[in-house]
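Before any comments, here is the structure.
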Amino acid sequence: MKQDYFRGLLTKTLSESNVTLTTIPYDEGCSCGGGAAMAPSVIRELSSYLPPLSMDGDLLTKIKLFDFGDLEKCENYFTLLKEEAYKRLNLNKFPIFIGGDHSVSIPLEAAFYDWCVENNKIPAIIHLDAHPDICDFYDGSIYSHACTNKRSIDYGYKPEDVVLVGIRGFEEQEVEYFSKHPELKVYTANLCYEMGMAEVIRQIKEKFDDRYAIYLSYDIDINDPSYAPGTGTPEAFGPSSRMVLELILGLFENLNIKAFDIVEVSPKLDSNDITSWLALKTLYEVFKVMIKKEKM
């Protein structure tokens, strides 16, 4: 098939768009299992084969997607990412970012914090992941993918405005941090199973009212690796892809989400591209919710 990325959704005119895509082919923040830098190119290629419809047959062409393409690696790369993310946030369109490993969320969330302050919103993060990513220092770096949330809190986010969901793989320093900051809410994978995702969504909705603007960060490894093997740090005993989809769509339906990233998809570790397909199909289901919610 002739490559036609995001067929039926893509626009070449920024002013016509209501959603923007920025991709970040970077995985130098990985502690093991690289390959996430390949995700943008693979997901784009797969989008050529995916019709612009939801899994229930809803037409998605009211989404007008402008693709900024890759932000290529350069000196002071994280500074570039922060600057470019801030520009996207100021376009009055919904910004989506595809990594890359989870370290790329550090500059993206910093830009989001600045944007929220300037727009009189309380900045909040909902972090969907098998891991807390709240190490202060990991694998010789303060910019590891295991340090994402700690760097964001250091930047200015309040611990009580950070929510972690799906967690089941901890470092000792993270457990120590949580013991000192009980105000930071952690929904472990076990808790998600016990409560059900509907109750998790209800509690998060109750926490974040309209005063908040939310950055939703989706690490593909929140899914059990039987559903998403193509990721650098798989953790057993996670929620199913249907549970994760219920969570993501419920958050989009009920909360003031203003930015969204998808990270840690590693095509080189995948089987038959099922993890890349999972990321892409999830994105299209999010588009369905956006159309309905925004009455496009």
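Hey, if you put +1 on the Cβ of every Lys and Arg and -1 on every Asp and Glu Cβ in the chain, which of Asn223, Ser271, Pro123 ends up farthest toward the positive end of that dipole?
Pro123
Heavy-atom accessible area per residue, the range 40-134, 1.4 Å probe: how many Å²?
I get 39 Å² per residue for the range 40-134.
Determine, from the Cβ-Cβ distance of Lys158 and Asn92 and an R0 of 22 Å, the FRET efficiency 1/(1 + (r/R0)^6), rounded to the nearest 0.05.
With R0 = 22 Å, the Cβ-Cβ based efficiency is 0.25.
Per 0.36 nm of contour for each residue apart, how much would the distance between Ser15 and Asp58 grow if the chain were fully extended, relative to their Cα-Cα spacing?
The span from Ser15 to Asp58 would gain 13.0 nm if fully extended.
Taking 30 Å as R0, compute the FRET efficiency from the Cβ-Cβ separation of Tyr5 and Arg242 and round it to 0.05.
Efficiency computed from Cβ-Cβ geometry: 0.65.
Treating only the Cβ of Lys, Arg, Asp and Glu as charged (+1, +1, -1, -1), what charge dipole size does the chain show about its Cα centre? Round to the nearest 20 debye.
1260
Give the percent of DSSP beta bridges with both residues in the range 91-232 that are antiparallel, rounded to the nearest 5.
Approximately 5 percent, going by the DSSP bridge assignments.
Return the percentage of antiparallel bridges among DSSP beta bridges fully within the chain, rounded to the nearest 5 %.
5
Of the listed peptides 226-233, 271-278, 16-23, what is their order by residue-averaged count of other C-beta atoms within 10 Å, with the highest listed first?
The peptides rank, most packed first, as 226-233, 16-23, 271-278.
How big is the accessible area of Ser54 in square angstrom, nearest 10, if you roll a 1.4 angstrom probe over the protein chains?
10
Please list the three semi-axes, largest first and in whole Å, of the ellipsoid equivalent to the chain, using sqrt of 5 times the eigenvalues of its alpha carbon gyration tensor.
Equivalent ellipsoid semi-axes, largest first: 26, 21, 20 Å.
For the pair Gln203 and Gln173, how long in nm is the line joining their label points, each one 7 Å along Cα→Cβ?
Distance between label points: 2.7 nm.
Would you please put 194-206, 150-162, 211-223 in order of how densely packed they are, using the mean number of other Cβ atoms within 10 angstrom per residue and starting with the highest?
Top to bottom by mean Cβ count within 10 Å: 211-223, 150-162, 194-206.
Could you look at the chain and say what percent of its accessible area is carbon and sulfur, using a 1.4 Å probe and all protein chains?
Carbon and sulfur together cover 50 percent of it.
How much length is gained if the chain between Ile274 and Val117 is pulled fully straight, taking 0.36 nm per residue apart and subtracting their Cα-Cα distance, in nm to one decimal?
52.7 nm
Taking only DSSP H segments of four or more residues, each worth -39500 (n - 2.57), what value at 222 nm results for the chain once the sum is divided by all its residues, to the nearest 500 deg cm²/dmol?
Helices in the chain give a 222 nm mean residue ellipticity of -11000 deg cm²/dmol.
Select from the chain the helices, each a whole stretch of DSSP H, whose alpha-carbon atoms run 30 Å or more along the helix axis and whose Kyte-Doolittle mean is at least 0.0; answer none if there are none.
Once both thresholds are applied, nothing remains.
The values are calculated or read from the model by the stated rules, or taken from the named source; none is laboratory data. Keep in mind the model is a prediction, meaning the values are calculated, not measured. Reconstructed Cβ throughout: ideal geometry from the backbone, glycine too, with neighbour counts over all protein chains shown. Quick note on the areas: whole protein, heavy atoms, side chains included, nothing else; ligands and nucleic acids left out. Shrake-Rupley method; radii C 1.70, N 1.55, O 1.52, S 1.80 Å.
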